[in-house]
Amino acid sequence: MRNLLLVLALAALGGCMSVSDMGVVARDQLSDAGVLDHSETKRSTNFRLQPDSYIFIAQGAFVPPGGSYPRPNVVAEEAFNGFIQYFPMVRRARAPEGLDDAMNEAREAGAHYLLYTRFANADDRIGTTDEWQDQEAVDRLGVDHGIIQLMVIETSTRYLIDTATIRSRGGLLTLYDKKPQDLLGPPLTDYARRLLGVER
């Protein structure tokens with residue numbers, strides 16, 4: 001009798017939610033609780049791009065405050081890795097550059113849109129024994145944080161299509177030997193999905 005009740009309970013639960021959906025919900029809950037990496041994206045609009053849009057990605061030469069010095073072009077690199085999964089025509093600048101130079105390069109490439117990014121803040125907290133030996137500051141223990149800012153600009157008109165701010169923080173289970181730039185990949189991929197209007 002007990003086995004029958006267990007089977008019926010599992011069948012009822014299975015009808016409500018698939019296993020993959022339960023995994024997504026569990027990950028979201030653990031992220032919100034601070035156990036896993038978490039990010040929050042705030043957009044100015046809900047504008048969507050066509051799947052055949054040609055996007056040029058560049059990063060400004062801005063060194064973020066917060067005591068961390070990420071790779072100079074890391075936001076553009078991570079954005080390219082995320083966008084190439086959803087947009088077949090994507091190109092990236094080789095090095096950080098100013099907005100005018102990025103716009104000129106995007107136009108020369110024939111891109112429809114420029115995705116211009118910058119690392120606004122990066123807080124690299126102590127997450128390894130080596131970092132502890134270097135800093136030995138109790139107030140520096142914890143999870144990494146980062147803020148990146150994005151602008152989507154139409155190259156033909158210089159019209160600002162969308163702006164977004166992504167705030168990321170590490171999780172307790174993922175803090176070891178991580179840097180703020182290690183948190184960028186998933187939220188940038190999610191932003192590409194949002195621009196295309198694709199659910200997860």
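The values are calculated or read from the model by the stated rules, or taken from the named source; none is laboratory data. In this text the structure is predicted, and so the values were computed from the model without any measurement. Backbone-built Cβ (ideal geometry, glycine too); neighbour counts: all protein chains shown.
Answer yes or no as to whether Phe80 is in a helix (DSSP H, G or I), crowded, with 17+ Cβ neighbours inside 10 Å and aromatic (Phe, Trp, Tyr). When the stated conditions are applied, Phe80 passes them.
Taking (1) assigned to a loop (DSSP other than H, G, I, E, B); (2) modelled with pLDDT of 95 or more in turn, Ala58 satisfies each apart from (1).
If I filter the range 58-74 for residues that are over 23 Å from Asp144 (Cβ atoms) and surrounded by 19 or more Cβ atoms within 10 Å (Cβ to Cβ), do I get at least one hit? Yes, the range 58-74 contains at least one residue that is over 23 Å from Asp144 (Cβ atoms) and surrounded by 19 or more Cβ atoms within 10 Å (Cβ to Cβ). Taking strands (runs of 3 or more DSSP E) as the structural unit, those lying wholly within the range 85-200 and holding at least 2 residues that are at pLDDT below 95 and over 13 Å from the mean Cα position of the chain (by Cα) correspond to 113-123. The residues of the range 83-98 that are surrounded by 14 or more Cβ atoms within 10 Å (Cβ to Cβ) and hydrophobic (A, V, I, L, M, F, W, C), listed by number, are Phe83, Ile84, Phe87, Met89, Val90, Ala93.
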